[in-house]
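These notes are about the structure you will find just below.
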Amino acid sequence: MALYNFSLSKSGLILVEVDLNMKIEVTLALDTGYTNTVLVPQIATKLGFNLKKAQSTKVTTGTQEENAKEINVETVETLGHIIENLPIIVFDVLVEQNEYDGYLGLDFFYCTLLFFS
């Protein structure tokens, strides 16, 4: 079992470094309250996705249903695990300014075991 150190956002969210497509490294808030992993549009664009051509989808927030895009990221690597072909929601989610780029959701953990101590 490997050990990883986490940093915390100003509001106390666990922040993890995530490598996307072995191309760019982003910081995501670990939040299993999100069913899917979510990125802000700027990161999807940096990965080379044309969001105008990306598949449209709906996301349910705490109060309503919103329009979003879905992209398929070839590799998502963090916490010693690599998940291939992970569908990721692209949505203008509320993130703490300049602290993180989205949320690492429950979908990343479907095939992994994670222990907190």
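The values are calculated or read from the model by the stated rules, or taken from the named source; none is laboratory data. Nothing here was measured: the structure is a model prediction, and the numbers come from that model. In this analysis, Cβ positions are derived from the backbone assuming ideal geometry, glycine residues included, and neighbour counts consider all displayed protein chains.
Output the number of the condition that Glu66 fails; it satisfies all remaining conditions of (1) over 14 Å from the mean Cα position of the chain (by Cα); (2) assigned to a strand (DSSP E or B); (3) modelled with pLDDT of 90 or more.
The number of the failed condition is (3).
Taking Val26, is it part of a strand (DSSP E or B), at pLDDT 95 or above and surrounded by 14 or more Cβ atoms within 10 Å (Cβ to Cβ)?
yes
Residues Thr75, Thr60, Thr45: which one is surrounded by fewer than 18 Cβ atoms within 10 Å (Cβ to Cβ) and modelled with pLDDT under 90?
The match here is Thr60.
With the condition kept exactly as written, say whether any residue in region 37-58 is of a type in the set (Val, Ile, Thr), in contact (Cβ under 8 Å) with a residue 24 or more places away in the chain and within 20 Å of Tyr4 (Cβ to Cβ).
Within region 37-58, one or more residues are of a type in the set (Val, Ile, Thr), in contact (Cβ under 8 Å) with a residue 24 or more places away in the chain and within 20 Å of Tyr4 (Cβ to Cβ).
If you take the residues of region 78-92 that are over 11 Å from the mean Cα position of the chain (by Cα) and in contact (Cβ under 8 Å) with a residue 24 or more places away in the chain, which of them is surrounded by the most Cβ atoms within 10 Å (Cβ to Cβ)?
It comes out as Ile83.
Is it the case, given these coordinates, that Ile89 is out of contact with any helix residue (DSSP H, G or I) (no Cβ under 7 Å at 6 or more places or on another chain) and either part of a loop (DSSP other than H, G, I, E, B) or hydrophobic (A, V, I, L, M, F, W, C) (or both)?
yes
Please specify each residue of region 34-72 satisfying the condition of being of a type in the set (A, V, I, L, M) and under 16 Å from Leu106 (Cα atoms).
Scanning region 34-72 gives Val38, Leu39, Val59.
Inspect region 66-79 for any residue being farther than 13 Å from Asp101 by Cβ and out of contact with any strand residue (DSSP E or B) (no Cβ under 8 Å at 6 or more places or on another chain) and give the result as yes or no.
Checked region 66-79: no residue is farther than 13 Å from Asp101 by Cβ and out of contact with any strand residue (DSSP E or B) (no Cβ under 8 Å at 6 or more places or on another chain).
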